[in-house]
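Down below is the structure, laid out as structure tokens.
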Amino acid sequence: MKSREAVLLSAIAIPRLTSALDNGIGLKPHMGWSSWNVAQCNAASAQYALATADKFVSLGLKDLGYEYINIDDCWSTKSRDSAGRLVPDPAKWPNGVKAVTDRIHNMGLKFGLYGCAGDKTCAGYPGSEGHEKSDVAQLVSWGVDFWKYDNCYTPCRQNPRPQTCTSPAGSTKTWYAPMRDAILSVQNTRKLHFNLCNWGRDEVWTWGATYGHSWRYAIPLKKKNRMSVDNWGDWASVERIGSAAAGIHQYSGPGGFNDLDMLYLGSPKLSVDQERLHFGLWAITKSPLVLGLDLEKISNSTLTIIRNKGLIDINQDSLGRPATTFRPPGAPAPVGGKIYPYWAGPLSDGVVIGLCAGTSVGTYSVNFKDVPGLGGSGSYAWKEMYTGQTGNGAGVSFNINLHDMRVIKVTTA
Ligand code: GAL
């Protein structure tokens, strides 16, 4: 008999909301790079964008599917021009944005920019509130492919509006709708990927697919009256964001994915074992895989992880269904905020199993008959993606270091 979790997992045919931005974009989790985790404002430049595009090619990342070069906050000047337009900072974009997007497009890659639903971005640059249509027209004229949309300086009961409002004046939906509509109105000219970054407010996973193609959800963590929700590049962030992915897997799928936030591989605060779990968990939960590191300085161990084709193929599987936790017989119950050891999810030609040593080093085993989507007494062929081990049989067992992970693809087709 299947466990309750297994039954729940196999019942993932929960209808998802149809995307209003159902324009063929975001059918798989997007892959790329973002400037923010690299050097925050300092990396929002043409120089970083173009150097990264070159590295995508020379390191073989483009061939693996990494596609978007996304520039985050601080790319513009601090004020709009007299016609109300956003102005690329001439020190960072000496030839403007279009020269960069043209070059990136010629390389077969895509380009993203960052904006904000409030009157300022989080770092204090002009926000798009009240300028949605004209800002989108500018993005179209530059050939931008991706638009991350943040939630700072948005309508708030506090006066003046703080950067991060703790008492919002309404639902974030209210201030994401005008931008969604502006993007919809240019669809026949340019298809933009709309990435919502409202930090999970108003349970964005329940409506994100009707507004955009991906949404950040990191659960709010109140700390001295401030919200602290990003991936900060430490184990606590991987644990906080990764563990929460299990509870909202059913909302994520082709055209609208839960975004676990930009990867922080390369962070000095993460060990190689932790980097493997970070990448592996983001991959199997079908998060966008957006690198947040300087590719000029990447270590060989990190490069090996981000170039793991088996994991990338799992992330990009055409079914687009995230893995979630399941509880084999005798296993302890999941603990909130901690990474549970047993994960599984369907693939177009099999099932992926994730084994995470999130809380203790040890031997982690599963019988395939206990895994949602497998079952029966069959013997299956499997491959582990980090060690390259393969086998046939009724189950697998691995010794796993603390905070490391094994990802097993079981083939059924
Ligand atoms: C935060 C967002 C980060 C980054 C930053 C820029 O709100 O979560 O991912 O975009 O703003 O200021």
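The values are calculated or read from the model by the stated rules, or taken from the named source; none is laboratory data. What you are looking at is a predicted structure, and each value in this text was computed from that prediction instead of being measured. Every residue, glycine as well, gets a Cβ built from its backbone with ideal geometry; the counts of neighbours run over all protein chains shown. What goes into the accessible areas is simple: the full protein's heavy atoms, side chains included, and nothing from ligands, DNA or RNA. Shrake-Rupley method; radii C 1.70, N 1.55, O 1.52, S 1.80 Å.
Annotations for the structure displayed:
- Prolate/oblate/rounded call for region 206-342, Cα gyration tensor, a/c under 1.5 rounded: rounded
- Solvent-accessible area, 1.4 Å probe, carbon plus sulfur percent, for the chain: 51 percent
- Panel note: the C-alpha atoms of the chain, placed on their principal axes, show extents of 71, 46, 42 Å (largest first).
- Global size of region 230-306 as Cα Rg and Dmax, reported in angstrom: 12.3, 37
- With contacts taken as Cα pairs under 8 Å and at least 6 residues apart, the chain reaches a relative contact order of 15 percent.
- Rel. contact order, % - alpha carbon contacts under 8 angstrom, at least six apart, region 276-339: 45 percent
- Pairs with C-alpha atoms separated by more than 26 Å, drawn from the list LYS98/LYS286; LYS92/LYS269; LYS110/LYS383; LYS120/LYS338; LYS98/LYS133, are LYS98/LYS286; LYS92/LYS269; LYS110/LYS383; LYS120/LYS338.
- Value of relative contact order over region 234-388, rounded to a whole percent, pairs C-alpha under 8 Å and six or more apart: 22 percent
- Reported to the nearest whole Å, the Cα centre-to-centre distance from region 54-74 to region 20-52 is 8.
- Accessible surface area normalised per residue over region 31-81 is 35 Å², counting heavy atoms of protein chains with a 1.4 Å rolling probe.
- Loop-resident sites, region 83-176, for trypsin sites (Lys or Arg not before Pro), counting at most 13 other Cβ within 10 Å (DSSP): ARG157
- Fraction of antiparallel bridges per DSSP, region 181-323 only, in percent to nearest 5: 40 percent
- If you take the Cα centroid of region 304-320 and the Cα centroid of region 98-160, the two points sit 29 Å apart.
- Computed over region 302-413, the range of Cα coordinates on each principal axis works out to 38, 32, 25 Å, biggest value leading.
- Principal-axis analysis of the Cα atoms of the chain puts helix 132-142 at an angle of about 80° to the longest axis.
- Rg over Rh [alpha-carbon atoms, Kirkwood Rh] for region 124-187: 1.01
- Legend note: in the chain, cysteines whose Cβ sits 4.7 Å or more from every other cysteine Cβ are CYS116, CYS197, CYS356.
- Tensor-based shape of region 10-153 (alpha-carbon gyration tensor, a/c under 1.5 rounded, otherwise prolate or oblate): oblate
- Of the trypsin sites (Lys or Arg not before Pro) in region 258-356, the ones in a loop by DSSP (not H, G, I, E or B) with at most 16 other beta carbons within 10 Å are LYS269, LYS297, ARG307, LYS338.
- Mean accessible surface per residue for region 98-211, computed with a 1.4 Å probe while every protein chain stays in place, in Å²: 36 Å²
- Seen against the Cα atoms of the chain and their longest principal axis, helix 272-284 is set at about 80 degrees.
- For region 336-398 and region 271-296, distance of Cα centres in Å: 19 Å
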